[in-house]
Amino acid sequence: MPDDPITALQAADPWTLAGRTLRSRLIVGTGKYRSKQDTIAALDASGAEIVTVALRRVDLDNPENVLSWIDRDRYTLLPNTAGCYTADEAIRVCRLARELGLADLVKLEVIGDSKTLLPDNEQTLAAARTLLDEGFTVLPYCSDDPVVCRKLEEMGCAAVMPLAAPIGSGLGIQNPHKIRLIVEQSQVPVIVDAGVGTASDAAIALELGCTAVLMNTAIAEAQAPAKMATAMRLAVVAGRLAHTAGRMPRRLLASPSSPTQGLLEG
């Protein structure tokens, strides 16, 4: 809709990921939805341009799997390695994505613990190195560790994707200080991934200076997924605007909002 003010704001402030110029700073997943209809409606409402799919959880023998629902002319498909616990597993899934013709842009996710689903940074670094050598464009999910993010960037990853909180927790950004440090040091996009629960969490990520935010559960498990997707779209735009506007300084004491000069004498 050309007259949509949100679309106009996004168009005026694009960003670049691995040579792709994008307007939406919201990336969405396709898991956990209650129905095909909910999935399609939420993707549409989100305004996202990139949609991620967990290949290990797709029934490739079913012609009506989630890959068949996604309009490839409208969305860039981002296959991910969710469910992988070793570098070798993740590498195999990325190679499968390439064989399926899903391009070479991949979200790398190597989990180190089945209870917390926290990333295994050592295995992530190992997998990233191999995938980069094989010509993949790698977007690695990792802990909110500035050192790990720096190593992934130096290795050649197209972005870094530190978690806000454990996957599916909805706890929001637990360590804004670390996220801010990652943003300050990074020359590639910083995409907060995992742990967002509601619109204010998404806004905070962008206010901190993150380039974009990726989410799935926060939308899919909402009572009205399409409505939550709309809220997330608005929140990301609002957070980005607040960041570029430059917030007022925090003060320990009050500061009067009305003028202090030229007061009437009592």
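Descriptive notes on the structure:
- Test: residue in the range 237-259 that is in contact with a strand residue (DSSP E or B) (Cβ under 8 Å, 6 or more places away or on another chain), assigned to a helix (DSSP H, G or I) and either modelled with pLDDT under 95 or surrounded by 15 or more Cβ atoms within 10 Å (Cβ to Cβ) (or both): no
- Yes/no for Ala202 being under 13 Å from the mean Cα position of the chain (by Cα), closer than 29 Å to Lys32 by Cα, part of a helix (DSSP H, G or I) and small (Gly, Ala, Ser): yes
- Test result for Glu49, within 24 Å of Val190 (Cβ to Cβ), out of contact with any Phe, Trp or Tyr (no Cβ under 6 Å at 6 or more places or on another chain) and among the acidic types (Asp, Glu): yes
- Identity of the residue in the range 104-122, out of contact with any strand residue (DSSP E or B) (no Cβ under 9 Å at 6 or more places or on another chain) and either in a helix (DSSP H, G or I) or of a type in the set (Gly, Ala, Ser) (or both), that ends up modelled with the lowest pLDDT: Ser114
- Members of the range 142-160 found to be within 13 Å of Gln185 (Cα to Cα) and surrounded by fewer than 21 Cβ atoms within 10 Å (Cβ to Cβ), listed by number: Asp145, Pro146, Val147, Val148, Arg150, Lys151, Glu153, Glu154
- Contacts under 6 angstrom Cβ, first residue in the range 67-82 being under 16 Å from Val106 (Cα atoms), partner not in a loop (DSSP other than H, G, I, E, B) and not hydrophobic (A, V, I, L, M, F, W, C), 6 or more apart: Leu78/Thr52; Leu78/Lys107; Asn80/Thr52; Asn80/Lys107
- Selected residue (criterion: nearest to the chain's Cα centre (by Cα)) from residues of the range 209-228 that are crowded, with 21+ Cβ neighbours inside 10 Å and closer than 10 Å to Gly239 by Cβ: Val213
- Output for the range 189-199, where each listed residue is on the phi < 0 side of the Ramachandran plot and either buried (at least 21 other Cβ atoms within 10 Å of the Cβ) or not in a helix (DSSP H, G or I) (or both): Pro189, Val190, Ile191, Val192, Asp193, Val196, Gly197, Thr198
- In the range 145-168, the residues that are in a strand (DSSP E or B) form Cβ pairs under 9 Å with partners that are surrounded by fewer than 19 Cβ atoms within 10 Å (Cβ to Cβ) and among the basic types (Lys, Arg), at six or more places apart or across chains, as follows: Val160/Arg150; Pro162/Lys178.
- Residue in the range 161-175 that is more than 17 Å from the chain's Cα centre (by Cα), surrounded by 19 or more Cβ atoms within 10 Å (Cβ to Cβ) and among the aliphatic types (A, V, I, L, M) present: no
- Cβ separations smaller than 9 Å between residues 6+ apart or across chains give the following pairs from the range 47-64 residues that are touching a residue at least 60 places away in the same chain (Cβ under 8 Å) and at positive phi to residues that are hydroxyl-bearing (Ser, Thr, Tyr) and part of a loop (DSSP other than H, G, I, E, B): Gly47/Ser24.
- Put simply, of Thr39, Thr52 the only residue that is hydroxyl-bearing (Ser, Thr, Tyr) and either under 14 Å from Leu139 (Cβ atoms) or surrounded by fewer than 21 Cβ atoms within 10 Å (Cβ to Cβ) (or both) is Thr52.
The values are calculated or read from the model by the stated rules, or taken from the named source; none is laboratory data. These numbers were taken from a predicted model, which means no experiment stands behind them. We place every Cβ from the backbone using ideal geometry, glycine too, and count neighbours over all the protein chains shown.
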